[in-house]
Each structure stands twice: as structure tokens, then as C-alpha cells.
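To keep things clear, I will list the structure first and then write my remarks on it.
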Amino acid sequence: MGLEKVIGNILGESYLTTKLDFIINWARKNALWPMPFGTACCAIEMMATLSTRYDLARFGAEAVRFSPRQADMMIVASRIAVKMAPVLRKIYDQMSEPKWVIAMGACSNSGGIFNTYAVVQGIDKILPVDVYVPGCPPRPEDLIDGVMALQRKIEKESVLDASR
Amino acid sequence: MPQGETALKKIKDKFNDSILAVVTFRNETQALVKKKDLYPIMQFLRDEQELFFNCLVNLTAVDRLELSDTHRFEMVYHLHSYRTNDRICIKTPVDENDLTVKSMTSLWKTANWQEREVYDLYGITFEDHPDMRRILLWEGYDGYPLRKDYPLRGRGEREKFNEYLDNIKR
Amino acid sequence: MSTLTTSSDKYSCSERLDDGRMIVNIGPQHPATHGTLRLLLELDGEYIVKCTPELGYLHSGFEKLGESMSYGQYMSVTDRMNYLSPLSNNIAYAEAVEKLLDIQVTERCKYIRVILAELSRIFDHLLNLGTQGIDLGAFTPFLWLFEEREKINSLFEMMTGHRFTTSFVRIGGMAADLPEGFDAEVKKFLGHFPKEIDNFEKMLTRNRIWMDRTKGVGVISQEDAVSYGLSGPNLRCTGFEWDIRKEDPYDCYDHFDFDIPVGANGDVYDRYLLRVEEMRQSVRIVLQALDNLPSGPVDLDNAKVRLPSKDNVYNRMESLIHHFKLIMDGHGLQPPKDREIYHCIESPNGELGFYIVSDGTGKPYRVRTRPPSFIHYQVVPMMIEGRLISDMVAVLSSLNLIAGELDR
């Protein structure tokens, strides 16, 4: 993020910045390496999305990295228990910038059917979420739609955001 | 003949005054026995050659607060014999003032974690248990969730996270 | 208010002890632990000296939730327990409630439940075998088996409208009857499925690396298996022949002709072979069930248990009242007061049981699941202490531990 800030300061708002934005965002959105943080049922649908029929690798998510240092997108699939919440936060903090989070499934969006003493009612209580994919579990096509929505969001980012 | 009938007869022969109540329902035999005689009865059921209940299938507890009974908790043990294909359910009352029961870990190894879970969710402790600590909830959790007087949505634990999260501002 | 720390939280990364041994923390977020399982390993080099499993990272309060929902509403919650074979859980719960109410479903319903239970068994074993492979480095069979799972997903979708957590079973029957053309599709799938299993077996069964990594690993004796309460494939791999479908048949399993595969050594290789063979036997059962499927109604004609059809609800007063009495708060099913039952089935994982206590109202007083995974997880320390870390991976995946069922 440091380099972008410098470039943003030097160039300011100009034609070069928009071209640079376009290239950087194009590179980032087409090579989103996911880190699957799947705990329960949605994890199975996520595995189905990453398999041969609904191939998420077509969208650049080729290398599924279980190490947070090597991934840029975290897909939080299914319910997060209160005991698991610090673990989730720690993993998120270990990811390096730029990073995005997709909350997949009703349980990570808002707690789902588990409105109980032990489930976090939505992971946005502990992480900033970029895309919410509803469903219980969402179909693989829904998750692909979520990844494409994230790609559209990334297109709108700019190097000037860091310096503003 | 309902399941567990022969076993019940043998228990009645040997431990007649330990049995508090017997219910036969939907082909199952459920016997309520006194807490102090629970361990000898279980040992008898496991070791007696004609009964040979070598599998403890299910170990749990029920909070009878709303069923307006004489005792608050009830420990429930489901036993199964692979030799005779017989099943029986043994229950014992646990009073709110004396929340300890003898552990069955020395008879069936599977009782270890199931008793930890009962301790975690109900607060009933087990004597001679090798590792009596919480299993599903975190240590230091205040309260026993499956009791009837504990609210479903909890008492605010799910809103508060530890200092590690509070220090991270986002 | 307590803070969220466990006594073993200080081992969130590896730590070196004074005598050269290390404590390594594996999980709860780790690709090789299936779900949110955590193991604290005390290592001497690569050998595991002591292992302490930690669980509860997916504890969601299922049992407490069951006490606040009606019997029918809890059906969709049971899907989320053993999420590899959701229909098995539905069937176990529905049968437990039917036992409590002392009602018998129709023959057609029983046959359909057998078909769905066996398809779920194949569904569960496919994923388990795939992940066993991928944990030890065999990526290709995982993708092949997942394609077969997609075909079963399409079958479920054709029948229920949902690929996965279907909640298709109802107390007293099923949500709907099988659609037209369903048995043709299933027969088409089962026609080429045994060949796919053969292809998969060619990759692994006589593979030198696979055999070296799984033979003699994770051995458990029969006495230990019975004492620890193991069931299902984990018990049968020791040579103990026990299957609830044969010993205590429920749902007309006694009408079908099938074999129970039994292992010999109680190791990972035996569990692998056992699951492959169980899939073949399930194919046999489903084909027999489809050929002999009786005609007739799927649902019970009992207005106190099963919702009347929408047609009748809109047009007849009686059906509207029955609908009202089953759905509205304060009404619902009327089981006997202060009675309890325990019912178990042979789920793909082992003996899945439901212990239900009723207080006479439409909501259960206590619903307890007897979770096979929770009980199987207890033998992991015994199986891996004294062995290498790489054996730990093989053992964990072979026991088919499903965190949803483990932690409930």
C-alpha cells in the first residue's frame, strides 16, 4: 500500500492514474486467490464450486491457499461459533493487503437459523465484509455471482484511495 | 417382550430397593434407580454374563424444572448389549443441592467425553473423572446453557469478544 | 463476564519445551482437519508423544434450539448436523418422533426413505473417500468423486428442489412423492456408477504409496472399539460384524438382500476398503427398492400428524382447522406427557440416535442427538500417540469426523 500512496501523491488525479487503476484492478480481480474458511455445510458447497463442474478456477481462483499469507480473498462459509471468532479474526489479520472478504451463507451473513448463545450473529461484527452471498447453502452459481460482484467492486477501486 | 425386560428382572432380583420407578413405553424399559446404587447396578449390567451390556450408547442429562418433579436433574444412560441385542435405559435423579454423580469412565471408556459435555452444559460434576473440564464451550464461560433457566440467546456472551478483538479498531 | 480464552490458548503457535520436545497446534483452521477440529500435539522430532484434542469450535446450540422449536420446525435444523448426508439425519429424527407418537408410515414411504438413505450413504462415502485421498496427496480421485456427487446432487434437486440440505422428510411421511422419471434417472446413474468406483479403485487400492501410508496405521482393537462406543464402518473395520440395518431392521430393510462388509485389521486401509464396498452394497439396495416400490400414498392419512394437502385446506373447513391446529403456536403435535424414547438408525457414520423427551406440548422438552462423530473423535489420541505426524492426517480423515455433528 505504500507504493500506491506515493504514486497517488505524485500523479494526483490524472489520465495516468486512471490507466494505472485500470491495470492494477484488472490484475487483482482476475487473480483472486481464495482462502476458504469453511466450517460446516456451506463449506461443502464451496468445495463443489471449486470442483470440476462449477470450476471457480475460471475466474482466476486457481490456487486455493489455506495459508492466509498467500491468499487475497477469504470466503467465510457457514456459521462461526463464538469460540471460533478470535481464530477468524486472527486469520484475517494475518492476511496481507489487499484483501477482501466474502460472507457466504445465511449463517455468516447474519447468524442464520442459529439465533443462539453460541453463534456470532453475522461475521460483520468482527470483520469488514465486502460481499454477502445469501442462501442456506447458496448454490455454486450464487457463489460465482458473489465472486463476480467482488470483481465489479474491485474495478471501482483506485490508487488515490490510499492517499485520500 | 419389551427390550430390557430380562435385565430389569435381574436388577429387581439383586437390587430391589434401589429401583424408584419403572416405565415401559414403546417397547423400551426405563428404570429410575437411586443415585448411590447407580455404579453397582451399572457394573452388574456390564459384567453379568447373561446380560453383558458392553456398550454405553448414550449418556446425557435432562433438566426437569418444568416437568414439576421431585428432583431437578436426571442422568440418563442408554445401554446396549451386542451379545443379546438388548437395550435398556437407566436413569437416576440428581438433586440441585448435590450435583455429583459417580463417573462411568472406569466401566466404559466412551463415558469420558460425554460426561464432560454434561458438565459443560448442565453443571453436574462426576467423581473420579480423569479430566473434568469444559469441552464444547470455552473455559471461564459463566453458566450452564442447557438448563431451563438459561435463555436461548445467551446472556450477552455472543456480543463480547476478548481483548484481542476489542483492541483492533476497524 | 468471561473473556474468551482457553487454557490451551497459549499454544496458538508452536512452543519448544525444555527437553527438546515441541508443542504444535494443529487447527482449528487447517486443511487437514475436517472442519474445526483442533489438536495439540506434543512432538519428539516427528513422533507424537501426547495428543490433546480440543473441540467446540462449531458449537451452535442445536439442542437448546430444539427446545424452542416445534417438532416439525426442528426437521430443517437436523439437516445441518451431519451435513454430508442430510437426508439420513432427517430420517432418523422423523422416525424418532414417529416412535414417540406410535404411528407407522406407509410402505411406499418406507421404501422411499430407504432409497434416500442409501443415496445419502453413497453421498457421504464419496466425499469421505475423496478427502482421504486429497489429505494424503491424491488430488485426482477427489475431483472424480466430486463429479459423481454432483450427479447425486442433481437427483436430489430433481426430487426436492434443493441440492443439498433438503429437509425432505416429514413426520408421518415425506414432503412430496417422487417425481415422474425419477427412477429412470436413478437407474441411469446407478448403471454407470459401479464402473466409476472401479476407476477410482484403480487409482488407490493397489497403489504402493497408498498402501504404505494406510496399512497398519490407526489400528484399534475390537475391545477398545466396543468400549469407546464406536459404530458403523469404524467398528466393522475391526472385524466386529454389527449393522443396525441387519440386527434391528427399521424401515423395511429386512425386505432387501445385501451384505455387510467387515474388515480384519482395524486400520485405515480397512476403513477405506469398507466404505468402497458399502457404496457397492448401497447400489444393490437402491436397485432392489426401485424395482419393488409399492404404489399407494406416501403420507399418512392422519390429520393430527400430517398437514392436509393445500387443495383441501383452501376448500374444506375441516382441513383448514386441522392445518391451524398443527401449525399455530400452542397447538401442534400431541405426544404423551412426560415420556421419552430413544431411536437410532445406521447412518453412514455409525449409530445416529435421537433421544426425545416430551412434555405433552407441540415443542419437544429435550432433543438430544447421539452423535457418532463426537464419540469417534475420542479414540484419536489413542490411535496416533507414538506415531508420526503424517499418520495423524490419515487417521483423522479415515474416521469421518464431521464437525457439525461433533459440536452440535
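Each residue in the stretch C:162-189 was checked for being touching a residue at least 60 places away in the same chain (Cβ under 8 Å), surrounded by fewer than 20 Cβ atoms within 10 Å (Cβ to Cβ) and in a helix (DSSP H, G or I), and 2 of them qualify. Does the stretch C:96-118 hold any residues that are part of a helix (DSSP H, G or I) and over 20 Å from C:Leu293 (Cα atoms), and which are they? Residues satisfying the conditions are C:Ala96, C:Val97, C:Glu98, C:Lys99, C:Leu100, C:Leu101. With respect to the conditions (1) within 14 Å of chain A (Cβ to nearest Cβ); (2) outside any strand (DSSP E or B), C:Asn25 falls short on a single one, namely (2).
C:Asn128 - would you say it is polar (S, T, N, Q), over 30 Å from C:Asp198 (Cα atoms) and at pLDDT 90 or above? Steps first, answer last, please.
Working: polar (S, T, N, Q): yes; over 30 Å from C:Asp198 (Cα atoms): no; at pLDDT 90 or above: yes.
No: the conditions fail for C:Asn128.
What is the one condition in (1) more than 24 Å from C:Asp243 (Cα to Cα); (2) facing chain C (nearest Cβ under 9 Å); (3) under 11 Å from the mean Cα position of the chain (by Cα) that B:Asp120 does not satisfy? Unmet for B:Asp120, out of (1) more than 24 Å from C:Asp243 (Cα to Cα); (2) facing chain C (nearest Cβ under 9 Å); (3) under 11 Å from the mean Cα position of the chain (by Cα): (3).
Mind telling me which of the residues B:Gln30, B:Gln3 ends up being within 13 Å of chain C (Cβ to nearest Cβ) and within 15 Å of B:Val76 (Cα to Cα)?
Details: B:Gln3 fails: within 15 Å of B:Val76 (Cα to Cα).
It is B:Gln30.
Which members of the stretch A:59-79 meet the condition of being more than 9 Å from every other protein chain (Cβ to nearest Cβ), in a helix (DSSP H, G or I) and touching a helix residue (DSSP H, G or I) at 6+ places or on another chain (Cβ under 9 Å)? Of everything in the stretch A:59-79, those that are more than 9 Å from every other protein chain (Cβ to nearest Cβ), in a helix (DSSP H, G or I) and touching a helix residue (DSSP H, G or I) at 6+ places or on another chain (Cβ under 9 Å) turn out to be A:Phe59, A:Arg69.
Could you tell me how many of the residues in the stretch C:131-146 are touching a Phe, Trp or Tyr at 6+ places or on another chain (Cβ under 9 Å) and either without any contact (Cβ under 8 Å) to a residue 40 or more places away in the chain or assigned to a helix (DSSP H, G or I) (or both)?
Within the stretch C:131-146, the first condition is being touching a Phe, Trp or Tyr at 6+ places or on another chain (Cβ under 9 Å), and the residues that meet it are C:131-134, C:136, C:138, C:141, C:144-145.
Of the ones still in play, those that are also either without any contact (Cβ under 8 Å) to a residue 40 or more places away in the chain or assigned to a helix (DSSP H, G or I) (or both) are C:131-134, C:141, C:144-145.
Residues that pass the stated criteria total 7.
For C:Leu406, only one of the following conditions fails: (1) crowded, with 24+ Cβ neighbours inside 10 Å; (2) out of contact with any Pro (no Cβ under 8 Å at 6 or more places or on another chain). What is its number? Checking C:Leu406 against (1) crowded, with 24+ Cβ neighbours inside 10 Å; (2) out of contact with any Pro (no Cβ under 8 Å at 6 or more places or on another chain), the one that fails is (2).
Picking from C:Glu157, C:Glu247, C:Glu223, which residue would you name as being surrounded by 14 or more Cβ atoms within 10 Å (Cβ to Cβ) and either at pLDDT below 90 or out of contact with any Phe, Trp or Tyr (no Cβ under 6 Å at 6 or more places or on another chain) (or both)? Break it down into steps so the answer makes sense when it comes.
Values: C:Glu247 fails: surrounded by 14 or more Cβ atoms within 10 Å (Cβ to Cβ); C:Glu223 fails: surrounded by 14 or more Cβ atoms within 10 Å (Cβ to Cβ).
The unique qualifying residue is C:Glu157.
All conditions but one from (1) among the charged types (D, E, K, R); (2) closer than 18 Å to C:Asp177 by Cα; (3) not in a helix (DSSP H, G or I) apply to C:Glu241; the one that does not is (2).
What strands (runs of 3 or more DSSP E), lying completely within the stretch C:335-408, carry at least 1 residues that are closer than 19 Å to C:Leu274 by Cα? Walk me through it before giving the result.
Values: elements: C:337-347, C:350-359, C:364-370.
Counting at least 1 such residues, we get C:337-347, C:350-359.
When you go through A:Lys125, A:Lys83 one by one, which is the residue that is within 14 Å of chain B (Cβ to nearest Cβ), closer than 28 Å to C:Leu84 by Cα and at pLDDT below 90? Before you say what the answer is, go through the steps one by one.
Values: A:Lys125 fails: closer than 28 Å to C:Leu84 by Cα.
So the residue among A:Lys125, A:Lys83 that is within 14 Å of chain B (Cβ to nearest Cβ), closer than 28 Å to C:Leu84 by Cα and at pLDDT below 90 is A:Lys83.
Selection of the stretch B:55-88 for residues being surrounded by fewer than 19 Cβ atoms within 10 Å (Cβ to Cβ) and facing chain C (nearest Cβ under 9 Å) yields B:Glu66, B:Leu67, B:Asp69, B:Tyr82, B:Asn85. If the condition is being surrounded by 22 or more Cβ atoms within 10 Å (Cβ to Cβ) and either within 14 Å of chain C (Cβ to nearest Cβ) or not in a strand (DSSP E or B) (or both), then the stretch A:128-137 contributes only A:Pro137.
When you scan the stretch B:81-89, do you find a residue that is within 24 Å of C:Gly61 (Cα to Cα), out of contact with any His (no Cβ under 8 Å at 6 or more places or on another chain) and not hydrophobic (A, V, I, L, M, F, W, C), even just one?
no
Considering C:Ser373, C:Ser347, the condition of being in contact with a Pro (Cβ under 9 Å, 6 or more places away or on another chain), polar (S, T, N, Q) and more than 8 Å from chain B (Cβ to nearest Cβ) is satisfied by C:Ser347 alone.
Here the condition is being crowded, with 18+ Cβ neighbours inside 10 Å, within 10 Å of chain A (Cβ to nearest Cβ) and either among the basic types (Lys, Arg) or outside any helix (DSSP H, G or I) (or both); of C:Arg121, C:Arg149, it holds for C:Arg149 alone.
From the list A:Val87, A:Val82, A:Val76, A:Val64, the lone residue that is in contact with an Asp or Glu (Cβ under 9 Å, 6 or more places away or on another chain) and on the phi < 0 side of the Ramachandran plot is A:Val82.
What do you reckon, is B:Leu59 within 24 Å of C:Cys344 (Cβ to Cβ) and part of a helix (DSSP H, G or I)?
Numbers: within 24 Å of C:Cys344 (Cβ to Cβ): yes; part of a helix (DSSP H, G or I): no.
No.
The values are calculated or read from the model by the stated rules, or taken from the named source; none is laboratory data. Being a predicted model, the structure only gives us computed values, none of them experimental. Note that we place each Cβ from the backbone using ideal geometry, even for glycine, and neighbour counts take in every protein chain shown.
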